[in-house]
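A.B. asks: Take this structure, written in structure tokens, and hold onto it; I'll ask about it next.
A short reminder: the numbers here are calculations on the coordinates, not readings from a lab. Predicted, not measured: the structure shown is a model, and the values here were computed from it. Methodologically, a virtual Cβ is constructed for each residue, glycine included, from the backbone with ideal geometry; neighbour enumeration extends over all protein chains shown.
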Amino acid sequence: MTTSVDAEKAWQDLQRIRVPQERVYDEVERCAHGDRRSTYVTAALMWLFLASDGLKLPRWGSFLLLAVYIGALVALAVVYSRRTRVRLHRSRYTWRSVATFLAGAVLSGGTIILTGFLTGWLALPYPHLIQATVSAGAFVLFVGPANRWAISPLRNRAAATAP
């Protein structure tokens, strides 16, 4: 079956498809570069959790505090995922997304353990406040560049696979 193809019409159809795709990547990049509120709220929740860990609560109080912390993080994730206008297919998440998540977990956990060890060894006053402040600060400093690095290849990958 042969069908004649109008090159100009085909080009216009391709542009009509490509422009919304570019808008998707613009929105993803804008969210990774400019949405600092979720980062600061997450860091504040981390700070509150780590600082309140020094209150010497009973065992059930510690578990309740952990449950409240995890619940607040889940609620924050739900709110910000609903706010996002763009939903990317799972294949758009590259190995960089997983590497960023794992590196963030290692950095946050390592910072919490290291500052806990150092404040105990140096016998500093208010060790949990110092631990919370340093850990939340490291989290805030890590998240911005890591998010930009994780999403940077999305547009390039889409351009490479475009016909």
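A.B. asks: Please give the FRET efficiency for Ala123 paired with Lys56, using the beta carbon to beta carbon distance and R0 = 30 Å, rounded to the nearest 0.05.
C.D. replies: That pair, Ala123 with Lys56, gives E of 0.95.
A.B. asks: So, in nm, how far is label Leu76 from label Ser97 when the simple model puts each one 7 Å beyond its Cα toward the Cβ?
C.D. replies: The two pseudo-label positions are separated by 2.0 nm.
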